[in-house]
Amino acid sequence: MTNQQLLKRITCDHSVMVGKPVIRGTRLTVEYILNLLAQGSTVQEILGEYEGLQAEDIQACLLFASLSLSSAAFMPLATESA
């Protein structure tokens, strides 16, 4: 599946989840899926929890996040004095 095909699985609509990017046809935000993965959930666990969700949907979330960050500029976090 191409990147373009994967990205078609992610939509933004101001009437769904206040415009946050979601997996098409669901109210599952990209942020929520990424948080599940960050907390240690596996792809198989997520797929088992949400009927109709496909592995490509999770892959699309990762791609969307990666592309979103690719053009962002970051400033280092302030460090505390020792």
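Bear in mind that the values in this text are calculations on the coordinates, not laboratory data. Being a predicted model, the structure only gives us computed values, none of them experimental. Heads up, the Cβs are rebuilt from the backbone with ideal geometry, glycines too, and the neighbour counts pull from every protein chain shown.
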If I stretch the segment between Ala55 and Gln39 completely, what's the gain in nm (0.36 nm per residue apart, minus their alpha carbon distance), one decimal?
4.0 nm
Would you work out which of Ser70, Ala38, Leu6 lies farthest towards the positive end of the dipole of the stretch 3-70, given +1 charges on the beta-carbon of Lys and Arg and -1 on that of Asp and Glu, about the Cα centre?
Ser70
Which distance in nm do the two modelled labels at Leu69 and Ser15 give, with both placed 7 Å along the Cα-to-Cβ direction?
3.3
Given only helices, namely DSSP H runs of n ≥ 4 each adding -39500 (n - 2.57), what is the per-residue ellipticity at 222 nm of the chain, to the nearest 500 deg cm²/dmol?
-13000 deg cm²/dmol
Over all distinct Cα pairs, what is the inverse of the mean 1/r for the chain, reported as the Kirkwood hydrodynamic radius in Å?
14.0
Residue by residue through the stretch 72-78, the couplings from Karplus 6.51 cos²θ - 1.76 cosθ + 1.60 with θ = phi - 60°, in Hz, x for Gly and Pro, are 8, 9, 10, 9, x, 5, 5
By how many nm would the segment from Leu62 to Asn3 lengthen if fully extended, with 0.36 nm per residue of separation less the alpha-carbon distance?
20.2 nm
Can you give me the relative contact order of the stretch 3-70 as a percent, contacts being Cα pairs under 8 Å and 6 or more apart?
35
